[in-house]
Amino acid sequence: MLVLVSPDTVVRWHRAGFQLYWRRLSRPRKRVGRPPVKQQIRELIFKIVADNPTWRAPRIHGELKMLGFKVSERTVSRWMRHAPRHPDSAQRWMTFLRNHPEAIAAMDFFSVPTITFGVLYVFFVIGHDRRRILHFNVTRHATSEWIVQQLREAFPYELAAKFLILDHDGKYGAEVPAVIRSMVIKPVRTMVRCPWQNGVAERWVGSCRRELLDHVIVLNESHLKRPIASYLSYYHQDRTHYGLAKQTPEQRTPCT
């Protein structure tokens, strides 16, 4: 029996199969290690951080110990990174982005599933001033050496930005920030689990997924590069942007 289905249905089936495949591989085994931190302790850590912004993990750990809570200093340090930030810090970050758009670029990764349920990683660098993608590439294995080469291709000496926003991805290691500094660019790290601080890059990822990748099933690296390159041509020349006052990155001439 022949069954006719739409391309969107095939893509939806593939995404569902991809999720099921990796969910089974990632199925939790028997819990090992230390017990989870109680909510009371987490909230107390957050309160101490908010009331005493200059305190570090050793002092907070000592205070908790004196209060009768049994928790390690390493656990305190880990949960301090998740503490809600003061609104003034968000305001300072937004001021930094508004005052230096022509000098800021951002880099990031996003993953794309393949037809065989593998994962490809797309690396890109985007300029804040005109929202242009300065460079992109695709790989199955993103190492720090590979990332360094991509940065050298993204920033010819005369075109280098002054600031480069990046997150705390483990793929960067210590080598990538060191190379960025050697290029006379200041690496600016976002806070842990704060994707809004790299909002320009995150918005491009969302646009690329909604307008392109959600409608195709990728075979391999070369197959993924072709549609992204084609999409970038449209993105730069024809697609209008709210953040650019309804203009395009390459300043499309309106019809008269």
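Just to be sure before I move on: is Ile147 modelled with pLDDT of 90 or more, within 13 Å of Asp108 (Cα to Cα), crowded, with 18+ Cβ neighbours inside 10 Å and β-branched (Val, Ile, Thr) in the structure I sent?
So Ile147 passes the test.
With (1) in contact with a Phe, Trp or Tyr (Cβ under 7 Å, 6 or more places away or on another chain); (2) modelled with pLDDT of 80 or more; (3) closer than 23 Å to Pro195 by Cα as the list, and Ala106 as the residue in question, which single condition is left unmet?
Evaluating Ala106 over (1) in contact with a Phe, Trp or Tyr (Cβ under 7 Å, 6 or more places away or on another chain); (2) modelled with pLDDT of 80 or more; (3) closer than 23 Å to Pro195 by Cα leaves (1) as the failure.
What number of residues within segment 86-131 are surrounded by fewer than 17 Cβ atoms within 10 Å (Cβ to Cβ), touching a residue at least 40 places away in the same chain (Cβ under 8 Å) and among the charged types (D, E, K, R)?
The qualifying residues number 0.
Let's see how each residue does on (1) modelled with pLDDT of 95 or more; (2) over 13 Å from Leu166 (Cβ atoms); (3) crowded, with 18+ Cβ neighbours inside 10 Å:
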| site | (1), (2), (3) |
| --- | --- |
| Ile185 | no, no, yes |
| Arg193 | no, yes, no |
| Ala201 | yes, no, yes |
| Val205 | yes, yes, yes |
| Glu221 | yes, yes, no |
| Pro227 | yes, yes, no |
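When Pro58 is evaluated against the numbered criteria (1) modelled with pLDDT under 85; (2) in a helix (DSSP H, G or I), which criterion, by number, is the only one it fails?
Against the list (1) modelled with pLDDT under 85; (2) in a helix (DSSP H, G or I), Pro58 comes up short only on (1).
Filter segment 181-202 for residues that are without any contact (Cβ under 8 Å) to a residue 12 or more places away in the chain and either basic (Lys, Arg) or farther than 21 Å from Leu97 by Cα (or both) and give the result.
Passing the criteria: Arg181, Ser182.
Which of (1) crowded, with 18+ Cβ neighbours inside 10 Å; (2) assigned to a helix (DSSP H, G or I); (3) under 20 Å from the mean Cα position of the chain (by Cα) does Asn137 not meet, given it meets every other one?
(2)
What helices (runs of 4 or more DSSP H) completely inside segment 170-256 contain at least 1 residues that are within 17 Å of the chain's Cα centre (by Cα)?
175-182, 199-211
The values are calculated or read from the model by the stated rules, or taken from the named source; none is laboratory data. Since the model is a prediction, treat every value here as computed from it, not as a measurement. Positions of Cβ are generated from backbone atoms using ideal geometry, with glycine treated the same way; all protein chains shown enter the neighbour counts.
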